[in-house]
Amino acid sequence: MDHISRFEFQKCVTRYHGEYKASRFSCWDQFLCMAFAQLTYRESLRDVEACLRAVQPRLYHLGFRARVARSTLADANERRDWRIYADLAQGLIPTARGLYASEPLDADLADTVYALDATIIELCLSVCPWAHYRRRDAAIKLHTLLDLRGSIPSVVQITPGKCPDVEALDHLALEAGAIYIMDRGYVDFDRLYRFCLEAAFFVTRTKQGIQFKRRSSQPVAASTGLISDHLVVLATKESRRRYPQPLRRVRYRDPDTQKRFSFLTNNFALPALTIALLYKSRWQVELFFKWIKQHLRIKAFYGVSENAVKTQVWIALSVYVLVAIVKKRLGLEVTLYKLLQILSVTLFEKMPISMAVFDVGPTFEEIDDGNQLELFDL
């Protein structure tokens with residue numbers, strides 16, 4: 001917790017009046033309880049209460065200033081503005097991105113590369129009617145712009161489950177010179193043309209039914225899996241009105257699966273094979289979603305209101321970024337998964353984290369005892 005600035009945290013609390021009429025249980029106490037729940041994968045608020053009360057003498061030195069009670073924690077999740085913890089996560093993200101700025105990419109590039117995608121987090125419709133998704137389902141959608149250097153979420157939006165993925169582009173502040181990798185669900189030429197206007201680049205897959213006219217071709221090395229590299233324009237008048245600039249279409253055959261892919265981009269400088277490798281690296285955002293759903297508590301929730309659900313999701317993301325910061329700052333040569341597993345059982349141990357993450361086998365002194373018989377005397 002020392003890697004979180006208490007001053008910045010308190011600014012977030014003050015911004016949204018988080019401790020208005022709060023007598024003892026502060027927002028920091030709430031965050032510590034929920035972070036403990038994430039790191040140790042607690043099943044319920046009752047579980048959190050029981051486990052923290054079992055180590056009551058140690059809580060003061062960790063920053064707890066109030067007695068942990070399930071009802072108090074439930075009320076805090078219900079009433080305190082979730083934007084406090086959203087701002088906390090957004091404050092930690094630049095720190096993490098700075099630490100991982102020198103991480104290598106699959107493609108040898110100096111540019112910033114992002115992967116944009118969304119995932120559904122399912123809820124129960126009977127207790128979360130505010131999140132109606134389908135006829136019998138409730139859900140929220142987590143839109144994430146992932147910085148591929150270190151797999152750090154750069155921008156996160158939580159929307160209703162019905163919100164189309166492509167609408168995330170409307171709220172995205174594009175970074176000049178950066179490359180954005182998206183799947184074909186984001187192919188909307190009005191929105192894609194904004195990348196050209198703001199000097200950013202995109203790489204995506206084509207949809208069936210889109211008509212192109214080929215203007216020119218570039219030679220490709222068939223041994224690398226490339227099929228073609230074409231300069232194209234949209235064929236229909238309406239499409240050209242929405243996207244009047246030329247596009248680059250790269251066709252590629254995966255050497256392992258023999259599947260064919262057709263990519264669209266507005267970057268004409270990168271080699272064609274690099275375009276294919278960039279799209280392949282988009283899989284990192286899928287792995288990120290899978291990872292946080294498996295190792296953080298965002299599939300089962302401690303509260304059912306919209307505020308409680310968003311509070312839990314944002315605190316989970318804060319914990320993910322915080323663990324990434326700790327890993328980098330302390331130079332720990334372990335995966336985030338292993339670090340989380342070790343922290344889950346050593347949170348209350350007084351030892352340096354660096355000692356906890358390394359495998360230290362038992363040491364035995366050689367004892368020469370003449371009276372000790374050999375177990376196996378051959």
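The values are calculated or read from the model by the stated rules, or taken from the named source; none is laboratory data. Quick caveat, the model's predicted, so the values are computed rather than measured. All Cβ positions, glycine included, derive from the backbone under ideal geometry; neighbour counts span all protein chains shown.
Odds and ends about this structure:
- Filter result (among the aromatic types (F, W, Y) and touching a residue at least 40 places away in the same chain (Cβ under 8 Å)) within segment 129-166: W130
- Selection within segment 330-378 - of a type in the set (S, T, Y), surrounded by 10 or more Cβ atoms within 10 Å (Cβ to Cβ) and either over 23 Å from F64 (Cβ atoms) or modelled with pLDDT under 85 (or both): T335, Y337, S354
- Taken over segment 125-137, residues that are assigned to a loop (DSSP other than H, G, I, E, B), surrounded by 14 or more Cβ atoms within 10 Å (Cβ to Cβ) and not charged (D, E, K, R) amount to 3.
- Failed condition for A173, given (1) without any contact (Cβ under 8 Å) to a residue 60 or more places away in the chain; (2) over 30 Å from Y133 (Cβ atoms); (3) of a type in the set (G, A, S): (2)
Yes/no matrix, rows are residues, columns are (1) more than 30 Å from R149 (Cβ to Cβ); (2) crowded, with 20+ Cβ neighbours inside 10 Å:
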{"site": "C12", "(1), (2)": "no, yes"}
{"site": "G18", "(1), (2)": "yes, yes"}
{"site": "R24", "(1), (2)": "yes, no"}
{"site": "F31", "(1), (2)": "no, yes"}
{"site": "Y41", "(1), (2)": "no, no"}
{"site": "V48", "(1), (2)": "yes, yes"}
{"site": "C51", "(1), (2)": "yes, no"}
{"site": "V68", "(1), (2)": "yes, yes"}
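- Flag for G177 being surrounded by 14 or more Cβ atoms within 10 Å (Cβ to Cβ) and of a type in the set (G, A, S): no
- Yes/no for L264 being without any contact (Cβ under 8 Å) to a residue 40 or more places away in the chain, hydrophobic (A, V, I, L, M, F, W, C) and assigned to a strand (DSSP E or B): no
- Residue in segment 235-257 that is out of contact with any Cys (no Cβ under 9 Å at 6 or more places or on another chain), of a type in the set (K, R), without any contact (Cβ under 8 Å) to a residue 12 or more places away in the chain and closer than 30 Å to E122 by Cβ present: no
- Only a single criterion out of (1) over 24 Å from the mean Cα position of the chain (by Cα); (2) more than 16 Å from G303 (Cβ to Cβ) is not satisfied by D2, namely (1).
- Scanning segment 13-47 for residues that are touching a Lys or Arg at 6+ places or on another chain (Cβ under 8 Å) and closer than 16 Å to M1 by Cβ yields S26, C27, W28, D29, Q30, F36, A37, Q38.
- In segment 294-325, the residues that are under 26 Å from S354 (Cα atoms) and surrounded by fewer than 16 Cβ atoms within 10 Å (Cβ to Cβ): Q294
- Applying the criterion of at least 1 residues that are more than 26 Å from L226 (Cα to Cα) and not basic (K, R) to the helices (runs of 4 or more DSSP H) found wholly in segment 270-335 leaves 283-295, 306-329.
- Odd one out for A110 among (1) more than 26 Å from D165 (Cβ to Cβ); (2) in a helix (DSSP H, G or I): (2)
- Within the option set R42, R97, R65, R24, being at pLDDT 90 or above and part of a loop (DSSP other than H, G, I, E, B) holds for one residue only, R42.
- On the stretch given as segment 117-136, residues that are within 23 Å of the chain's Cα centre (by Cα) and of a type in the set (S, T, Y) total 2.
- Criterion applied to L287, L278, L270 was being of a type in the set (A, V, I, L, M, F, W, C) and exposed (fewer than 14 other Cβ atoms within 10 Å of the Cβ), and the one residue passing it is L287.
- Close pairs (8 angstrom Cβ cut-off, 6 or more residues apart or separate chains): under 18 Å from L278 (Cα atoms) in segment 208-226, modelled with pLDDT under 90 anywhere: G225/D254; G225/P255
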